[in-house]
């Protein structure tokens, strides 16, 4: 009697019904929050999730696409204000606080966005990141256009976007230095919330139209 050879498994989704795409994405986001992005590999994500690396590749393709999915998910965690939903000043404040939330979501967000995505070998990944940033700039430009100079001054929306990222990114990425400026028992989460309020007040008062400015 001949020995029956096991049939080859057809190409497709690797078998592991316990872990889906969303769970893998959450694992990747947790790791990105905990360590520099350069250390977050497909193998590490698979090991943390308890699956074969082939499952991660099945859902996301390569590492660049996976990290892009992480960045997009982090942005979705802090949604944009819907067009026309708020008055321009309130909407701009929402965008300021959204930038604070996004940059504070991980101390290594700068490395993720610049080292891993903006400089990605894949032109598609770099373009997707550019689309995200241009969307934020267009939002700011639209809000200023809707206000039409009544309450806020027209400023360069691209500079505005870059300034917000820089203001919040340094506070998060340079936390050890920031800690040195305050008492040892300072609650850093409470301090971050206070800093967010400070930046919001600073920026909003900086772009408001001043009475008598046109006289």
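Is there a residue in segment 165-172 that is at positive phi and surrounded by 11 or more Cβ atoms within 10 Å (Cβ to Cβ)?
no
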By residue number, the members of segment 152-170 that are farther than 15 Å from residue 209 by Cα and touching a helix residue (DSSP H, G or I) at 6+ places or on another chain (Cβ under 7 Å) are 157, 158, 160, 161, 164, 165, 167, 168, 169
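Rundown of residues vs (1) modelled with pLDDT of 90 or more; (2) within 21 Å of residue 114 (Cβ to Cβ); (3) surrounded by fewer than 15 Cβ atoms within 10 Å (Cβ to Cβ); (4) touching a strand residue (DSSP E or B) at 6+ places or on another chain (Cβ under 9 Å), yes/no style:
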residue	(1), (2), (3), (4)
29	yes, yes, no, no
35	no, yes, yes, no
47	yes, no, yes, no
61	yes, no, yes, no
66	yes, yes, no, no
70	yes, yes, no, no
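Every residue, every condition in (1) assigned by TED's automatic domain parsing to the domain that holds residue 129; (2) assigned to a loop (DSSP other than H, G, I, E, B); (3) modelled with pLDDT of 90 or more; (4) farther than 26 Å from residue 121 by Cα, yes or no:
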| residue | (1), (2), (3), (4) |
| --- | --- |
| 9 | no, yes, no, yes |
| 14 | no, yes, no, yes |
| 51 | no, yes, yes, yes |
| 58 | no, no, yes, no |
| 78 | yes, yes, no, yes |
Among the residues of segment 148-190, the number that are under 18 Å from the mean Cα position of the chain (by Cα) and part of a loop (DSSP other than H, G, I, E, B) is 1
Filter segment 105-139 for residues that are over 18 Å from residue 166 (Cα atoms) and not in a helix (DSSP H, G or I); the one that is modelled with the highest pLDDT is 122
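The values are calculated or read from the model by the stated rules, or taken from the named source; none is laboratory data. Small disclaimer: the values here were computed from a predicted structure and weren't measured. Every residue, glycine as well, gets a Cβ built from its backbone with ideal geometry; the counts of neighbours run over all protein chains shown.
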